[in-house]
Amino acid sequence: MRYNVNCSKCGRTFVAETEKYGTMKYRCPYCSNVLTCKFDAPEPFRTRARSVIPLADATPVVAKRHEKLPNVKPSLISTPSKEKLAEMRQRLAEASQQMLNVSIQAGETLKSATVSTSEFVTKSSSRLQRFQEKYEDGDLWIFFGFSLLFILLVFVGLVLCAEIVKLIAEGHSWMFKNYIELKNMML
């Protein structure tokens, strides 16, 4: 909640914010005087209902009209010449043509990548289908083969990561050792 606090030294009013009730200290932002303020909990707000007016007997509420805001007429500082406008249109047309050419090239590249990917998938899937047709339990062999390949790749990746960490640790210790030796030589 926000409270207005009057400084006892300079007499100015400032805003104090708090979510707690009780005694709190604030510093006046104008004269730096420390004030002890007591914030009491608000009393419960209760009202008594007046007589109820039936809806049919109620008078309509008339909305207040706001004052009209002044109209402002925009004006250009300087109007461009016909030559300048033609030049700007020409630049815009050239830029849009360049963007069109770039988008066409990107579309062709994407199309060729899609075609080559679909050819690869078709060839590999046809080989897998032939293998499945040739052997009765071909699905199990394919699943087993890819599972074994995945496990081997995980092990190879872990070994490579361990070697990289080992090299980094050795390099760090070598650099630290040389740093200490250089530091001791300088003393």
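The values are calculated or read from the model by the stated rules, or taken from the named source; none is laboratory data. Small disclaimer: the values here were computed from a predicted structure and weren't measured. Note: ideal-geometry Cβ built from the backbone for every residue, glycine included; neighbour counts use all protein chains shown. What goes into the accessible areas is simple: the full protein's heavy atoms, side chains included, and nothing from ligands, DNA or RNA. Shrake-Rupley method; radii C 1.70, N 1.55, O 1.52, S 1.80 Å.
Things worth noting here:
- Qualifying positions in the range 138-187 - β-branched (Val, Ile, Thr) and within 30 Å of residue 126 (Cα to Cα): 142, 151, 154, 156
Conditions (1) part of a strand (DSSP E or B); (2) at pLDDT below 80; (3) surrounded by 10 or more Cβ atoms within 10 Å (Cβ to Cβ), marked per residue:
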position	(1), (2), (3)
14	yes, no, yes
36	yes, no, no
43	no, yes, no
46	no, yes, no
66	no, yes, no
76	no, yes, no
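- Scanning the range 134-167 for residues that are open to solvent by 80 Å² or more (accessible area, probe 1.4 Å) and not in a helix (DSSP H, G or I) returns 135, 136.
Yes/no matrix, rows are residues, columns are (1) of a type in the set (D, E, K, R); (2) in a helix (DSSP H, G or I); (3) open to solvent by 80 Å² or more (accessible area, probe 1.4 Å):
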site: 85; (1), (2), (3): no, yes, no
site: 91; (1), (2), (3): yes, yes, yes
site: 97; (1), (2), (3): no, yes, yes
site: 112; (1), (2), (3): no, yes, no
site: 119; (1), (2), (3): yes, yes, yes
site: 124; (1), (2), (3): no, yes, no
site: 127; (1), (2), (3): yes, yes, yes
site: 132; (1), (2), (3): no, yes, no
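- Residue, modelled with the lowest pLDDT, within the range 168-187, restricted to residues that are open to solvent by 100 Å² or more (accessible area, probe 1.4 Å) and within 37 Å of the chain's Cα centre (by Cα): 172
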